[in-house]
Amino acid sequence: MRARTISFALSLLATSIPGMSAYADNWGHWRGVDGNGIALNVDPPTEFGPSKNLKWRLPIPGRGSGSPVVWDNQVFAVTAAPIAGQRDKLSFRVYCIDRQTGKALWEKTAIEAIPHDPTHSTNTFASASPCTDGKHVYAHFGSQGLFCYTMKGELVWSKQFGKMRIRNNFGEGSSPTVVDDMIIVPWDHESGSKLFALNKLTGETVWEISRDEPTCWATPHIATDSTGRKQIVMNGQTAARGYDLKTGEELWKCGGQTQRPCASAVSKDGITYVTSGFRGSFIGAFDMAGKGDLQGTKFVKWSANKNTPDVASPALSGNRLYYYKEKTGLLTCVNIATGKEIYAAARIPGINSTYASPVVANGFIYLTDRQGKITVIKDGDSVEVVATNQLDEGVDATPAFVDKEIFIRSDSALYCFSK
């Protein structure tokens with residue numbers, strides 16, 4: 001009875017304090033609470049735009065394609081902005097925005113530097129998404145370092161990992177992941193790839209391992225196998241791999257991936273799903289209870305070699321897995337147990353070129369085109385378009401969803417749309 005009374009009191013408190021949500025979930029990572037691209041306990045608008053359901057718009061100088069993250073009343077975004085009178089030098093910045101008003105609560109320059117390598121015209125120098133656990137926020141600018149701030153903007157620690165050498169000057173972009181007392185940092189490039197686990201409070205290295213991989217842009221996915229052990233699932237050109245979270249030990253691997261993977265894994269009930277789609281096509285469902293090389297074993301539950309994504313990651317909802325074909329807007333939905341297509345390469349109105357990943361929210365799927373069109377369809381066994389929305393600028397970052405709001409990082413601004 002006492003527990004129920006406390007729970008009821010907390011729910012009343014949440015609904016009575018401005019800026020505090022009646023819902024329990026934040027959006028501390030670009031792939032959502034469980035890393036599967038699904039927003040929990042939300043009720044966002046399906047129709048929105050510059051003149052509809054717009055709560056606020058905050059211009060952000062420079063360029064950044066890292067996704068926003070949200071915790072209680074704070075929204076975080078990153079950018080790399082030119083410095084007046086200093087050619088090629090950039091200011092790598094972290095923004096904290098008031099969720100209710102859209103005003104900047106604080107802005108910090110993490111570092112000013114001249115990038116040692118160029119980036120692709122469609123990429124930015126701030127393409128890794130920040131992450132937060134509600135006590136600290138972490139901004140990763142790749143070769144410029146990882147920076148840990150308090151929620152009030154005080155720098156706690158920073159760490160440099162060296163200079164990445166990215167394939168064909170495509171630019172950097174993998175995001176870190178916070179889990180338990182650690183932050184997991186991917187470091188795949190053309191000159192000595194690694195995976196790091198740092199103490200999230202101090203930045204000290206808990207463990208680091210070398211990876212037999214060239215450049216990969218995937219973000220670490222935290223998954224739980226059938227024994228309850230937490231694993232880090234990493235995509236890779238040579239192989240998809242699972243690592244023990246506590247020690248960094250490689251537990252399993254399986255080849256079959258295409259070149260320079262970008263998509264991050266998703267998982268459910270001890271099975272992880274890994275995709276790639278550049279100069280080839282691959283998706284595999286791996287039982288994480290397997291050991292060693294899983295190729296040709298019962299631990300590869302199923303695999304397929306068509307219609308798979310390149311840049312965007314898949315989204316997992318119930319028994320359905322959604323993903324684009326390469327960079328196009330052609331959407332495929334498969335049954336996660338069998339890999340059988342529910343529908344394949346379906347054309348979605350307004351979605352033609354994609355970098356942002358699909359997000360499932362309140363029975364709908366939000367699909368984002370690079371030109372700023374966001375089409376909403378039903379989460380189901382057929383394509384049913386609910387709404388087509390248009391922003392006035394391009395969008396490469398995956399939107400964030402909290403309560404009744406959508407946060408979208410465009411080429412030059414951060415938007416909040418609300419019912």
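Here, each number is a calculation from the coordinates, and none is a lab measurement. Note that the structure is predicted; figures quoted are calculated from it, not measured. Glycine gets a Cβ as well: all are built from the backbone with ideal geometry, and neighbour counts include every protein chain shown.
Annotations
- Annotation for residue 382 and residue 238: the two label points, set 7 Å from Cα along the Cα-Cβ direction, are 4.8 nm apart.
- Straightening the chain between residue 305 and residue 293 buys 2.4 nm, computed as 0.36 nm per residue apart minus the Cα-Cα spacing.
- Mean separation of Cα contacts under 8 Å, 6 or more apart, over the residue count of the chain: relative contact order %: 15 percent
- Proportion of all alpha-carbon pairs of the stretch 290-419 beyond 27 Å (%): 22 percent
- Neighbours of residue 50 by Cβ distance under 11 Å: Lys/Arg scored +1, Asp/Glu scored -1, total 0.
- If R0 is 45 Å, the Cβ-Cβ spacing of residue 152 and residue 269 corresponds to a FRET efficiency of close to 0.70.
- Per-bin percent of Cα-Cα distances, the chain [20 Å]: 28, 61, 11, 0
- Of 159/291; 340/378; 108/200; 194/253; 163/194, pairs whose Cα-Cα distance is over 24 Å: 159/291
- Note, ³J(HN,Hα) from phi for the stretch 215-231, Karplus 6.51, -1.76, 1.60, rounded to Hz, x at Gly and Pro: 3, 9, 9, 6, 9, x, 10, 8, 9, 10, 7, 5, 8, x, 7, 7, 10
- Principal semi-axes in Å for the stretch 47-126 [√(5λ), Cα gyration tensor, largest first]: 26, 15, 11
- Put a plus charge on the Cβ of each Lys and Arg, a minus charge on the Cβ of each Asp and Glu, and nothing anywhere else: the dipole of the chain about its Cα centre is then about 200 debye.
- Reducing the stretch 312-332 and the stretch 56-107 to their Cα centroids gives an inter-centroid distance of 29 Å.
- The helix-based estimate of mean residue ellipticity at 222 nm for the chain, built from -39,500 (n - 2.57) per DSSP H run of four or more residues and divided by its residue count, is -1000 deg cm²/dmol to the nearest 500.
- Histogrammed with a bin width of 10 Å, the alpha carbon distances of the stretch 194-292 distribute as 16, 50, 29, 5, 0 percent, first bin at zero.
- Across 103/152; 55/404; 52/327, pairs whose alpha-carbon gap is larger than 20 Å: 52/327
- Computed over the stretch 86-193, Kirkwood Rh from alpha-carbon pairs, angstrom: 14.8 Å
- Approximate spin-label separation residue 208-residue 341, in nm, with each point projected 7 Å along Cα-to-Cβ: 4.5 nm
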